[in-house]
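The values are calculated or read from the model by the stated rules, or taken from the named source; none is laboratory data. Computed from a predicted structure; not experimentally measured. Methodologically, a virtual Cβ is constructed for each residue, glycine included, from the backbone with ideal geometry; neighbour enumeration extends over all protein chains shown. Each accessible area value is taken on the protein alone, full model and side chains, heavy atoms only, with ligands, DNA and RNA left out. Shrake-Rupley method; radii C 1.70, N 1.55, O 1.52, S 1.80 Å.
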Amino acid sequence: MKRKIDVYLLYFSYVIELIYLFSARIFNNYESTHTISVSKTGKPIFGNMKIYLDISMFSYYLFFAIMILYILFVLLKLKNKEPINLLKNTKLSLIILIIELINTGFIFHFTNLLASSSLLFVCVVLITNFILYLKYKNIIQNGILIIS
């Protein structure tokens, strides 16, 4: 289990990404088709749909936690001299990019990078893998970084 925690984090990020996308879409559809009333204190009243807003916000921030954990586990693997499958991690992170591109209709803007936690996650994973590749390119075998 400990050897593949970085891969499991990437798979878990798929689940979080899909939860975020579905809950944000449901809330955005409700928000665009209904009038949002305001309470006396000035706060919007969403009714039962606020749970979807809360879920999407929680999953958005959870994505950042997964990103930090991924980097920490890769650094821990480097410290313990365990093999890291850079090729597989790169392919898995690119699937997140495909999910996000499907969500945005294959329109990519720089503002999407700033607003989307998943695109930022993909960029961080790719940059981390690229730095590891440049640093250890002489000991990579079949896409797997093996430090002895």
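Of all the residues in segment 88-126, those that are among the β-branched types (Val, Ile, Thr), loosely packed, with under 13 Cβ neighbours inside 10 Å and modelled with pLDDT of 75 or more number 2. Kindly indicate whether Ile26 is at pLDDT below 80 and more than 30 Å from Lys4 (Cβ to Cβ). No; evaluated as a whole, the condition is false for this residue. Against the conditions (1) touching a strand residue (DSSP E or B) at 6+ places or on another chain (Cβ under 9 Å); (2) in contact (Cβ under 8 Å) with a residue 24 or more places away in the chain; (3) not aromatic (Phe, Trp, Tyr), Ser39 satisfies every one except (2). If I filter segment 40-51 for residues that are basic (Lys, Arg), under 30 Å from Gln141 (Cβ atoms) and open to solvent by 80 Å² or more (accessible area, probe 1.4 Å), do I get at least one hit? No, because not a single residue in segment 40-51 is basic (Lys, Arg), under 30 Å from Gln141 (Cβ atoms) and open to solvent by 80 Å² or more (accessible area, probe 1.4 Å). Is it true that some residue in segment 63-82 is among the β-branched types (Val, Ile, Thr) and over 18 Å from Tyr11 (Cα atoms)? Looking through segment 63-82, none of the residues is among the β-branched types (Val, Ile, Thr) and over 18 Å from Tyr11 (Cα atoms).
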